[in-house]
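Remarks on the structure that follows.
The values are calculated or read from the model by the stated rules, or taken from the named source; none is laboratory data. None of these values were measured; they are calculated from a predicted model. No Cβ is skipped: glycine too gets one built from the backbone with ideal geometry, and neighbour counts run over all protein chains shown. Please note that ligands, DNA and RNA were not included when accessible areas were found on the heavy atoms of the full protein model with its side chains. Shrake-Rupley method; radii C 1.70, N 1.55, O 1.52, S 1.80 Å.
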Amino acid sequence: MLTDNITRDESGALLFAGQSVNALADRYGTPLYLMDEDRIRQNCRMYLEAFRDYFGEGSRPLYAGKAASFRQMYRIMAEEGMGIDAVSPGEIATALSAGFPAENIYYHGDGKTDADIAFALDKGVGCFIVDNGDELISLNEAAEARGIRQKVLLRITPGIDPHTYAAINTGAVDVKFGVPIETGQAMEFVRAAMTMENLDVAGLHCHVGSMVFFENVYLRTVDLMVGFMAEVRDELDITFRELNLGGGYGVRYTDDDPHSDIPARLREVAARLKEKLSAADLPLPNFLMEPGRSIVADAGMTVYTVCSVKRIPGYKSYVITDGGMTDNPRYCLYGAEYTVLHTEKRRGLRAIYDLAGRCCESGDIIQPAISLPVGTHRGDRVAVCTTGAYNYSMASNYNRFPRPPVVMLRRGESFLAVRRETVEDVCALDI
Ligand SMILES: *Cc1c(COP(=O)(O)O)cnc(C)c1O
């Protein structure tokens, strides 16, 4: 199987985290997001242990909340001792309402408004990751007005193409995030930040992309960032105490994706970091990363009921489900790949179908050219694997479809973390 929390019983029925997917669908309805909480915690611990073993005291992983943001996620992160990154007042408010400590929140975003800045300062968010010079000035003024000195990291663009999907590539020079080293603008950004009396500039941040499997991407990022830290020291006489390399480790969406040994990769990053820092005569800063996908993706599965099987002789066939781009827009957005499984039948003759949704959009495809048993019919259930990241968090109400619930699976039990939206919820804001 794709990941070891997906198995089958003797009859061939699909199990997720050891629980019957059909029984869960009967109980909670479809479409349905399942989240394996034990797996989420296991993934957190993998990062926490590796950080403890390979990086110094004060270093730690931050969960990138955008991957899956709802209260139970932040309760888990608080219990496991993770920091988090947040991208909006909505994510910050969700985390705080779950009891997550404000000082452990790193606040991202390339377009923070004055209202966003005020909100985060007033909530006591621990650190701002400042994306650009405009934000720097506004944040400094807002901090001054409150009589505080706000801790910040400066987002730098190291200029690396991690060779992943173009749409999720954020490290190259001319992206909308951060300030590039190559053009000399990053040095000016640091220089400007150091003149801001109400900002405590703790260090640098970068994020080179997502679905990264090639370790040399992070090693190269270390080289560039340490190189820049040395330039900053030489030119401005500043030594930073924090370095954040962002997120991005890849996960297995299909059997063609490699298994990544993240602790081994982190050990290599630590070795390279220490080597480069000592060559540049710089001290080891607190080291941070922001894994999102690799914490939650393999903890997720989406279950659908088949509404129709449509065969067009001489052309393609479709399996049409009760979900679609409203609960999983990732294939539509950037051609993301997924593994699709029938919840019962495993053997027998198979055929190729496009797995489609029920939105009024011909592009509403969850995954093209998947293989399912030929007997698949209305009322059957299919599961899309590895949907824990960027599915619930990207869900929409297009066509006014209510969003599915999120059900957590923990030590053999299940419970609702987010209830199913109703048609009344969907109308609730209309005057
Ligand atoms: C998206 C993002 C992450 C998380 O990336 P994953 O690929 O989910 O690990 C972390 N940091 C920043 C700044 C991001 O934009």
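Before moving on, here are some points about what is shown:
- Qualifying residue in the stretch 264-284 (condition: buried (at least 17 other Cβ atoms within 10 Å of the Cβ), small (Gly, Ala, Ser) and in the same structural domain as residue 189 (by TED's automatic domain parsing)): yes
- Neighbours by Cβ (under 6 Å, 6+ apart or cross-chain): first from the stretch 31-51, over 15 Å from residue 413 (Cα atoms); second open to solvent by 10 Å² or more (accessible area, probe 1.4 Å) and of a type in the set (S, T, N, Q): 51/59
- In the stretch 195-226, residue most open to solvent (accessible area, probe 1.4 Å) [restricted to those that are more than 16 Å from the ligand (Cβ to nearest atom) and under 14 Å from residue 157 (Cβ atoms)]: 220
- Condition check for residue 259 on (1) buried (at least 22 other Cβ atoms within 10 Å of the Cβ); (2) assigned to a loop (DSSP other than H, G, I, E, B): one failure, at (1).
- Single condition residue 62 does not satisfy, out of (1) open to solvent by 10 Å² or more (accessible area, probe 1.4 Å); (2) touching a residue at least 12 places away in the same chain (Cβ under 8 Å): (1)
- Looking across the stretch 142-162, the residues that are of a type in the set (Val, Ile, Thr) and either open to solvent by less than 20 Å² (accessible area, probe 1.4 Å) or within 16 Å of the ligand (Cβ to nearest atom) (or both) come down to 152, 156, 157, 160.
- Counting the residues of the stretch 283-298 that are under 15 Å from the mean Cα position of the chain (by Cα) and more than 13 Å from the ligand (Cβ to nearest atom) gives 0.
- Residues (outside any strand (DSSP E or B), in contact with a helix residue (DSSP H, G or I) (Cβ under 8 Å, 6 or more places away or on another chain) and either open to solvent by 70 Å² or more (accessible area, probe 1.4 Å) or not aliphatic (A, V, I, L, M) (or both)) located in the stretch 297-321: 298
- Taking (1) within 16 Å of the ligand (Cβ to nearest atom); (2) not in a loop (DSSP other than H, G, I, E, B) in turn, residue 277 satisfies each apart from (1).
Matching residues to (1) more than 30 Å from residue 59 (Cβ to Cβ); (2) touching an Asp or Glu at 6+ places or on another chain (Cβ under 9 Å):
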site	(1), (2)
261	no, no
308	yes, no
326	yes, yes
359	yes, no
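- Count of the stretch 101-115 residues, restricted to those that are open to solvent by less than 40 Å² (accessible area, probe 1.4 Å) and either more than 23 Å from residue 149 (Cα to Cα) or within 16 Å of the ligand (Cβ to nearest atom) (or both), is 7.
- Selected residue [without any contact (Cβ under 8 Å) to a residue 40 or more places away in the chain and open to solvent by less than 30 Å² (accessible area, probe 1.4 Å)] from 329, 368, 373, 405: 373
- Leading residue by the ranking (nearest to residue 341 (Cα to Cα)) among those in the stretch 231-256 that are part of a loop (DSSP other than H, G, I, E, B) and within 16 Å of the ligand (Cβ to nearest atom): 253
- Residue 294 meets all of the listed conditions (1) in a helix (DSSP H, G or I); (2) out of contact with any strand residue (DSSP E or B) (no Cβ under 6 Å at 6 or more places or on another chain); (3) touching a residue at least 40 places away in the same chain (Cβ under 8 Å) but one, namely (2).
- Which numbered condition residue 350 misses (of (1) out of contact with any Leu (no Cβ under 7 Å at 6 or more places or on another chain); (2) open to solvent by 50 Å² or more (accessible area, probe 1.4 Å)): (1)
- Filtering 93, 186, 98 for residues that are outside the structural domain of residue 335 (by TED's automatic domain parsing) and surrounded by 19 or more Cβ atoms within 10 Å (Cβ to Cβ) leaves a single hit, 186.
- Condition met for residue 68 (within 16 Å of the ligand (Cβ to nearest atom) and either in the same structural domain as residue 245 (by TED's automatic domain parsing) or within 16 Å of residue 295 (Cα to Cα) (or both)): yes
- Check on residue 26, within 17 Å of residue 299 (Cβ to Cβ), surrounded by fewer than 18 Cβ atoms within 10 Å (Cβ to Cβ) and acidic (Asp, Glu): no
- So residue 15, is it open to solvent by 10 Å² or more (accessible area, probe 1.4 Å), under 30 Å from residue 273 (Cα atoms) and either part of a strand (DSSP E or B) or in contact (Cβ under 8 Å) with a residue 24 or more places away in the chain (or both): no
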